[in-house]
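Visitor: One structure, as C-alpha cells, below. Some questions next.
The values are calculated or read from the model by the stated rules, or taken from the named source; none is laboratory data. In this text, all values refer to a predicted model and were calculated from it rather than measured experimentally. Note that we place each Cβ from the backbone using ideal geometry, even for glycine, and neighbour counts take in every protein chain shown. Note: accessible area is taken over every heavy atom of the protein model, side chains too, but ligands, DNA and RNA are not part of it. Shrake-Rupley method; radii C 1.70, N 1.55, O 1.52, S 1.80 Å.
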Amino acid sequence: MTTPIPPLDHLDTGALREKYRLERDKRLRADGNDQYVEMAGQFAAFLDDPYTSATKREPLFDDTEVILIGGGFGGLLAGARLHQAGFRDVRVIEKGGNFGGTWYWNRYPGAACDVESYIYLPLLEEMGFMPRRKYTPAPEILDYSHRVAERFDLYRKACLHTEVTELRWDEEALRWIVSTNRGDRMRAKFVVMANGPAHKPRLPGIPGIEKFEGRIFHTARWDYDYTGGGPEGGLDRLADKRVGVIGTGATAVQCIPHLAQGTMRLFVFQRTPSAIDVRNDYATDADWWHAQQPGWQKRRMENFTALTSAAQVDEDLIQDGWTQVMSKFLRVNTLGTNGTLSPEAVEEADFVKMEAIRARVENAVEDRDTAAALKPWYRQFCKRPCFHDEYLPAFNRSNVTLVDTGGQGVEAITETGVVVAGEHYPLDCLVLATGFEIGTAYTRRSGYDVIGIGGERLSEKWSRGFATLHGMHVHGFPNLFVFNRDQSAHTVNFTHSLDELSRHMTHILAAARDRGATRIEATAEAEQAWVDTIVELSTINRDFLESCTPGYYNGEGRMNVEAARRGAGYGRGPLAFFEVLADWREQGDLSGLRLTAEGEA
Ligand code: NDP
C-alpha cells in the first residue's frame, strides 16, 4: 500500500514549476554548507557519549594483521567476511562504547530502519536471525550488530571508545602506524577505513546557540536521563516541559510523534517540510520467513537495488514506498537515466507523486494553516523521502505547535528559548534534529588524516580532486582500503554496498596471502583511468540539482557540479558496479594493483 496517486489532468504543471522555484529561492543562502558549525572546541561536548562510560586501559603498541576503523555495519561486514576467509588477527577500532555505528549513536525515540530490515540487516542467513518487523526498531538493530560481532569474534581484539587520530604509513616496516586518542600507536599490515559517510553530527550556526541555558542535545546523543523513557518512547520526564525541535528531516519525523506524546508543549521549528509517504510497517510473518529458500537475502537485496537504481527488472519483492516510487516514476534525476521514459514524463510523474504526498498532508492534518505549512514543494528526490504513519497526525494534538520559519530557519537562540520571525518561544529543552556533516572534507568527517608514502596527506591529495581505484584504493597509500560511496556504489540500501565492498576487500587480502604479498598499491594509471570512467559515466544532472530546494543532496544549493561528477557513484548503477568488481576478481590478475612480496622491489 502506498499513497494513492491522483490523476494528472487537474495539475497545472507550469504553476507547480514556478511554485517550486519560488520555494527554492526563498531557501537559497550564500553560506551553503558553512551555515553549520563543527562540533569542536566550545561545542565538543555535544559529541560526548551519553550511553556508555569509557573504561581505562593502557595504550597499545602491538602488531595486528588487519585493523578495521569503524564498528558499524561496514566494520562488521569486513570483519565477518575476513573471518569467513580464515583471517583471525583482526582488530576493530570504534569511537563508540560498542559495535553498531549509526545505531549505537542514534537511539532517539522512534528510531528504526526505513529500508526494509530483511535487506538492510546483512548476514541474516548466516546468522539465522529473523527481524521482528518489516522496519525493525533501532534497539533490535543495535542488538543484532552485537550478535554479529560476537559470532565473528570481533570483540576479542576490539578497541572501543577509541578514536583514531592519525594513520601513518611506514614504508620501511610495511606497516600502518595507527595513533589514537587513547595514546595508542598500534601497527597494522592492512587498514580498512569503514568510518561511515555521515556520522558526525552537525550543529546549526544559529546566533546565540552557545547561550541556551536549558537542556540542549543532538538527536544522535539523546539524553534519556533528562527525557525519561527509551528508544520505544514513554518520555515521562517531559510531562511538565516545553520542548523545541529544530529540524524536520528523517530523524525528526521518527522522534516527533514520541515527543508529541511525552511533552507538556512541543514546538517544531521547520525550515523545509519533508515528503512523508506511507510506511505500512508490520510484524514479520514467521511462515513466510521460514519458507524462504537459501540465497534469498542476496536475491532480495539485488532486487531492491535494481528497483531503486533504474535497472530494468520485472518483479518487486519488496513492495514498499522506495521501490514503488523509484521504479515507476523517478528514473531520471541524480540517480541515472532511463531509456524508456523521457525527462518530461518523469517530471510529470514526479508532480503527480508529490501532489499525492501533499494530499496526504491535507487529509491527515486538521488545522488548515498547519497542513499548508507541512506540504513539500520540490521534486521528490531533492531530499530524502520519509515514510511514516504517525508523524503528520502528531500535529493534531493540542500540545503540539508547528512553527514554520518560511524557509528561513531559526533566527536566534537565547538563554531561555528560540526566536523565529521576532517571536520568542520559551523552552526548557532544545532537541537538535539537524543532521550530519556530509559536504565537508572527508578527513574532517573521519576525524583523522592519513599520511602515505613520502609524507603525502590524503586530505591534500583529495583537496586536488577525489581519486581512487574502485572507490577503495588510493595511489600513494598502500595496504589501505576505503569503504565509501564516492567513485563506488550509490545505493539506497547502504549495507548492500558494504557487503560487496567487504567481499571484494577480503578477496584481495586472500589473494595477497596466497601470493605471499605484503604490499598492495593501486597504480597511478589505474587510479586515473577509474577517475576518468567515473566522470565520463557520471549522471549528475545539473538542471535537476539546481532546481532543487537546498539540502545535502545538492550541496545546500551551492553544488560544485564538477566535483560532484568526480565524486559520483559508478554511473551505470550499483549493480553494474558490483559486476565490474566481480569481473575484475574473475579475471584473476588484480589489474591496476601492484602486489609485492617482502624483499621485492
Ligand atoms: P537531515 O539533514 O535530513 O535534516 C536536518 C533538518 O534540520 C532539516 O529539516 C533542516 O532543514 C533542518 N535545519 C537545519 N538547520 C536549521 C535551522 N537553522 N533552522 C531550522 N531548521 C534547520 O538530518 P536527519 O538526521 O533528519 O537525517 C539525516 C540522514 O540520516 C537521512 O537523510 C538518512 O540518510 C539518515 N536516516 C536514516 C534513517 C533510517 O531509517 N535508515 C532514519 C533517520 C535518518 P532544511 O531541510 O531546510 O535544510
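Visitor: Filter region 154-172 down to the residues that are open to solvent by 30 Å² or more (accessible area, probe 1.4 Å) and over 23 Å from the mean Cα position of the chain (by Cα) and list them by number.
Guide: Tyr155, Arg156, Lys157, Glu166, Arg168, Asp170, Glu171, Glu172
Visitor: Can you name the residue in region 222-242 that is surrounded by 17 or more Cβ atoms within 10 Å (Cβ to Cβ) and among the aliphatic types (A, V, I, L, M) and, of all such residues, is nearest to the chain's Cα centre (by Cα)?
Guide: Taking the candidates together, the pick is Leu235.
Visitor: Just the residues that are of a type in the set (Val, Ile, Thr) and surrounded by fewer than 16 Cβ atoms within 10 Å (Cβ to Cβ), please, taken from region 367-400.
Guide: None; the set is empty.
Visitor: Looking at region 475-493, which of its residues are closer than 18 Å to Val580 by Cα and touching a Lys or Arg at 6+ places or on another chain (Cβ under 9 Å)?
Guide: Scanning region 475-493 gives Asp486, Gln487, Thr491.
Visitor: Given (1) modelled with pLDDT of 95 or more; (2) not assigned by TED's automatic domain parsing to the domain that holds Glu163, where does Gly205 come up short, assuming only one miss?
Guide: Going through (1) modelled with pLDDT of 95 or more; (2) not assigned by TED's automatic domain parsing to the domain that holds Glu163 one by one, Gly205 breaks only (1).
Visitor: Of the conditions (1) under 23 Å from the mean Cα position of the chain (by Cα); (2) surrounded by 22 or more Cβ atoms within 10 Å (Cβ to Cβ), Pro131 satisfies every one except a single condition; which number is it?
Guide: Looking at each condition in turn, Pro131 falls short on (2).
Visitor: Report, ordered by the first and then the second residue, all pairs with beta carbons closer than 7 Å, sequence separation of six or more or different chains, a first member in region 352-363 that is open to solvent by less than 10 Å² (accessible area, probe 1.4 Å), and a second member that is at pLDDT 95 or above and in a helix (DSSP H, G or I).
Guide: Val361/Ala371; Val361/Leu392
Visitor: Still on this model: For Ala149, are the conditions met, namely being in a helix (DSSP H, G or I), within 17 Å of Asn493 (Cα to Cα) and not charged (D, E, K, R)?
Guide: No: the conditions fail for Ala149.
Visitor: For region 200-240, what are the residues that are of a type outside the set (A, V, I, L, M, F, W, C), closer than 30 Å to Phe481 by Cα and not in a loop (DSSP other than H, G, I, E, B)?
Guide: Pro201, Arg221
Visitor: In region 205-251, what residues are of a type in the set (A, V, I, L, M, F, W, C) and either within 15 Å of the ligand (Cβ to nearest atom) or touching a strand residue (DSSP E or B) at 6+ places or on another chain (Cβ under 6 Å) (or both)?
Guide: Within region 205-251, Ile206, Ile209, Phe212, Ile216, Phe217, Ala220, Trp222, Val243, Val245, Ile246, Ala250 meet the criteria.
Visitor: Continuing with the same structure: If you take the residues of region 263-272 that are open to solvent by less than 30 Å² (accessible area, probe 1.4 Å) and within 14 Å of the ligand (Cβ to nearest atom), which of them is farthest from Ile413 (Cα to Cα)?
Guide: Here the residue is Thr272.
Visitor: Within region 505-525, how many residues are surrounded by 20 or more Cβ atoms within 10 Å (Cβ to Cβ) and either farther than 11 Å from Leu595 by Cα or acidic (Asp, Glu) (or both)?
Guide: 3
Visitor: Only one of Gly569, Gly573 is assigned by TED's automatic domain parsing to the domain that holds Thr468, within 16 Å of the ligand (Cβ to nearest atom) and either modelled with pLDDT of 95 or more or closer than 24 Å to Met301 by Cα (or both); which?
Guide: Testing whether each residue is assigned by TED's automatic domain parsing to the domain that holds Thr468, within 16 Å of the ligand (Cβ to nearest atom) and either modelled with pLDDT of 95 or more or closer than 24 Å to Met301 by Cα (or both) leaves just Gly569.
Results for (1) on the phi < 0 side of the Ramachandran plot; (2) within 9 Å of the ligand (Cβ to nearest atom); (3) of a type outside the set (Phe, Trp, Tyr); (4) not in a loop (DSSP other than H, G, I, E, B), shown as yes or no for each residue.
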| residue | (1), (2), (3), (4) |
| --- | --- |
| Lys189 | yes, no, yes, yes |
| Ala198 | yes, yes, yes, no |
| Val253 | yes, yes, yes, yes |
| Gln261 | yes, no, yes, yes |
| Ser274 | yes, yes, yes, no |
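Visitor: OK, next. Out of the residues in region 9-34 meeting the condition of being under 18 Å from Thr440 (Cα atoms) and open to solvent by 50 Å² or more (accessible area, probe 1.4 Å), tell me which one is nearest to the chain's Cα centre (by Cα).
Guide: So, considering only residues that are under 18 Å from Thr440 (Cα atoms) and open to solvent by 50 Å² or more (accessible area, probe 1.4 Å), the one nearest to the chain's Cα centre (by Cα) is Asp34.
Visitor: Name the residues in region 243-262 that are closer than 30 Å to Tyr553 by Cβ, open to solvent by 10 Å² or more (accessible area, probe 1.4 Å) and not β-branched (Val, Ile, Thr), would you?
Guide: Residues satisfying the conditions are Gly247, Gly249, Ala250, Gln254, Pro257, His258.
Visitor: Pairs under 9 Å by beta carbon, first residue on the phi < 0 side of the Ramachandran plot in region 233-246, partner within 16 Å of the ligand (Cβ to nearest atom) and of a type in the set (Gly, Ala, Ser), six or more apart or different chains?
Guide: Correct list of pairs: Arg242/Gly417; Gly244/Gly417; Val245/Ala252; Val245/Ala433; Ile246/Ala252; Ile246/Gly409; Ile246/Ala433.
Visitor: Starting from residues that are more than 10 Å from the ligand (Cβ to nearest atom) and not in a loop (DSSP other than H, G, I, E, B), keep the ones in region 90-116 and report whichever is nearest to Leu47 (Cα to Cα).
Guide: Trp105
Visitor: If a residue counts only when it is within 12 Å of the ligand (Cβ to nearest atom) and not assigned by TED's automatic domain parsing to the domain that holds Lys134, which helices (runs of 4 or more DSSP H) contained entirely in region 384-496 have at least 2 such residues?
Guide: Counting at least 2 such residues, we get no helices (runs of 4 or more DSSP H) at all.
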